[in-house]
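What follows is one structure encoded as structure tokens, with my remarks underneath.
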Amino acid sequence: MVRHSLFMAQRLSITNPENASLRELKEAARVGSNETALRCTAIQFLVTGISRAKICGALLVSEHSLHSWIKAFNERGVDGLIVKKRPGRSAIFNGEQVAVLANLIEQPEQAERTFWTAKAFHGYISEAYQVDCSYQTVVRFFHRQGFALKVPRPWPDRQDEALREAFRQQLEELCQQDVHVDSP
């Protein structure tokens, strides 16, 4: 049984002036993303006569990818090689929810709280809004709303108040001396 290639060999149509010149390919490779540069490089190699197998080996791409790049180049020229922006993950909160949650952060009394911590807010929205998100997502949400993490600083328990007061008095005296020295 003879196995045939899945794709018929696609000819590269560089002779069509609407596709692109080598200069345009090089320019697109320089300006675009790394993936665009890889595609343009593959087409440049094809134009110079390098075999498809060598190109796939050198650029570490599959025959299928190379075939689709050739097809895109033949149909749309250099524009077919430029990588389009891919949509990311959809947002957990829609526009209306963002407004409600931002208002809730500003006015914690609505949720019978005096202030929010990221952990408490995460628990609240998980219960109240049935939102399944990570703690880190809540922290990013706080940052996007203009809030910063504030961590309470520990206060030393064993301070001698008399020594503190004496230091404070010395500091005030030094500050007063500096003021008198600097005054004309």
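Among the residues of segment 171-179, are any outside the structural domain of Ile105 (by TED's automatic domain parsing), more than 50 Å from the chain's Cα centre (by Cα) and modelled with pLDDT under 80? Yes: segment 171-179 contains one or more residues that are outside the structural domain of Ile105 (by TED's automatic domain parsing), more than 50 Å from the chain's Cα centre (by Cα) and modelled with pLDDT under 80.
Take the conditions touching a residue at least 12 places away in the same chain (Cβ under 8 Å), buried (at least 16 other Cβ atoms within 10 Å of the Cβ) and farther than 30 Å from Val47 by Cβ and apply them to Ile125. Does it pass?
Numbers: touching a residue at least 12 places away in the same chain (Cβ under 8 Å): yes; buried (at least 16 other Cβ atoms within 10 Å of the Cβ): yes; farther than 30 Å from Val47 by Cβ: yes.
Yes, satisfied.
Check whether at least one residue in segment 72-88 is within 30 Å of Ala148 (Cα to Cα) and out of contact with any Gly (no Cβ under 7 Å at 6 or more places or on another chain), and report yes or no. Spell out how you get there, then give the answer.
Residues of segment 72-88 within 30 Å of Ala148 (Cα to Cα): 87-88.
With out of contact with any Gly (no Cβ under 7 Å at 6 or more places or on another chain) added as a condition, the list becomes 87-88.
Scanning segment 72-88, I find at least one residue that is within 30 Å of Ala148 (Cα to Cα) and out of contact with any Gly (no Cβ under 7 Å at 6 or more places or on another chain), so the answer is yes.
Only one of Arg52, Arg76 is surrounded by 13 or more Cβ atoms within 10 Å (Cβ to Cβ), over 18 Å from Thr137 (Cβ atoms) and at pLDDT 90 or above; which?
Arg52
Of note, Ser90 does not satisfy the criterion of being within 30 Å of the chain's Cα centre (by Cα), exposed (fewer than 15 other Cβ atoms within 10 Å of the Cβ), of a type in the set (Gly, Ala, Ser) and in a helix (DSSP H, G or I).
Only residues that are at pLDDT below 90 and either surrounded by fewer than 18 Cβ atoms within 10 Å (Cβ to Cβ) or of a type in the set (D, E, K, R) (or both) were counted across segment 17-43, and they come to 12.
The values are calculated or read from the model by the stated rules, or taken from the named source; none is laboratory data. In this text, all values refer to a predicted model and were calculated from it rather than measured experimentally. In this analysis, Cβ positions are derived from the backbone assuming ideal geometry, glycine residues included, and neighbour counts consider all displayed protein chains.
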